[in-house]
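Undergrad: Just passing along the structure, written as structure tokens.
The values are calculated or read from the model by the stated rules, or taken from the named source; none is laboratory data. If you're wondering where the values come from, they're calculated on a predicted model, not measured in any experiment. Cβ coordinates were reconstructed from backbone atoms using ideal geometry, including for glycine residues, and neighbour counts include every protein chain displayed.
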Amino acid sequence: MWYFTELVAGIALLIGGGDFLVRGASSLARRLNVKTLVVGLTVVAFGTSAPELAVTLHAVLAGSGEVSFGNIIGSNAANVGLILGFACLLRPIHIRPSIVNREVPMMLVATCAVFVMAHDQWLGSAVEPARSDLSVAIWNGIDRADGILLLLLFGIFCYYMVNEVVQQWDTDAYLTSLPVEKPSEELLTLPWSLIYLIGGLAALIIGGRMTVNGAVGIAEILEVPSEVIAFTIVAIGTSLPELAASLMAIRRGHPDLIVGNVVGSNLFNLLLVLSATAVVGPIGVPGGGFNDLWVMGGLSLILFPLVVSGQNRISRWEGGFLLIIYLAYLAWRTTRAFGG
């Protein structure tokens, strides 16, 4: 009963936190003359990636690196297939040129880097086991050197984001590109924008943690195999902040926040969350992990032609296509875990 209550309370916090986060981020963008897209790619993306960071660090410190791996890879797959796909079903999303020219290519580079780093056997190296009591070494995974390299790539991403803000700050062409706030939506003052933003982030982090705890507790009671928990329940649970923020962005007419949040969150997951966790301790690839990598990489590759075709927008049927791929793999992954 407690796990069910925790799950419901967590979802409620996610919904409320998503509303506060989007209102605070969009108002803050206008007050500081910053594109909503940039806010989505930085502040919102980092805030909604915080649950993944908390879960992965806790897992690797507890000697369960496979949970960290499944959570990050599963969250990225869910961001593209479930969240973006579902959002596009509700409303076709227009894509800004910078997403096509910079953010999506960066996400593909990060995805390819992690894919190569995970195949240590191919490179002639091996990751030492996270715990000394393991009898079999983990031959494929992300070690500390890989984590440092990913952190360097994260620094490059941050440089481009900051550089865009500095170059275009307070220019007339820049200000005219800002989204127009709906008359019915009150523009918050700067202090209230920060309060909404910080409060929304806090609610999303707490709500995401409560949701995962409740879902995992229910799964353990029902004796769901542990290997599927990380990629499914934990990954989807820690991706709920992105889903909540995206749904609220649709409701309030800020589609830039949806694409920026999904792409930015995936970049943060791979370049910051995964790297920071790998610096703390090596992350091994669990059973079925390479299949998860292929699906995450495949969804990212499919996303690129979708954003460059159809006049830079993702249509409903294209969103449905992403969603079907993700749900089909999720069903196959779960069935296989149960021995089906």
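Undergrad: Select from region 233-248 the residues that are over 17 Å from residue 199 (Cβ atoms) and over 9 Å from the mean Cα position of the chain (by Cα) and list them in ascending order.
TA: Across region 233-248, the qualifying residues are 233, 234, 235, 236, 237, 240, 243, 246, 247.
Undergrad: Looking at 313, 252, 336, which one is in contact with a strand residue (DSSP E or B) (Cβ under 9 Å, 6 or more places away or on another chain) and basic (Lys, Arg)?
TA: 313
Undergrad: Mind listing whichever residues of region 308-325 are crowded, with 22+ Cβ neighbours inside 10 Å and not charged (D, E, K, R)?
TA: 314, 319, 322
Undergrad: Test of understanding: among 162, 259, 212, 228, which residue is at pLDDT 75 or above and under 23 Å from the mean Cα position of the chain (by Cα)?
TA: 259
Undergrad: Can you tell me which residue is modelled with the highest pLDDT among those in region 103-136 that are more than 21 Å from residue 291 (Cα to Cα) and not in a loop (DSSP other than H, G, I, E, B)?
TA: Result: 106.
Undergrad: Between 85, 63, 18, 74, which is outside any helix (DSSP H, G or I) and modelled with pLDDT of 70 or more?
TA: Going through 85, 63, 18, 74 in turn, the sole match is 63.
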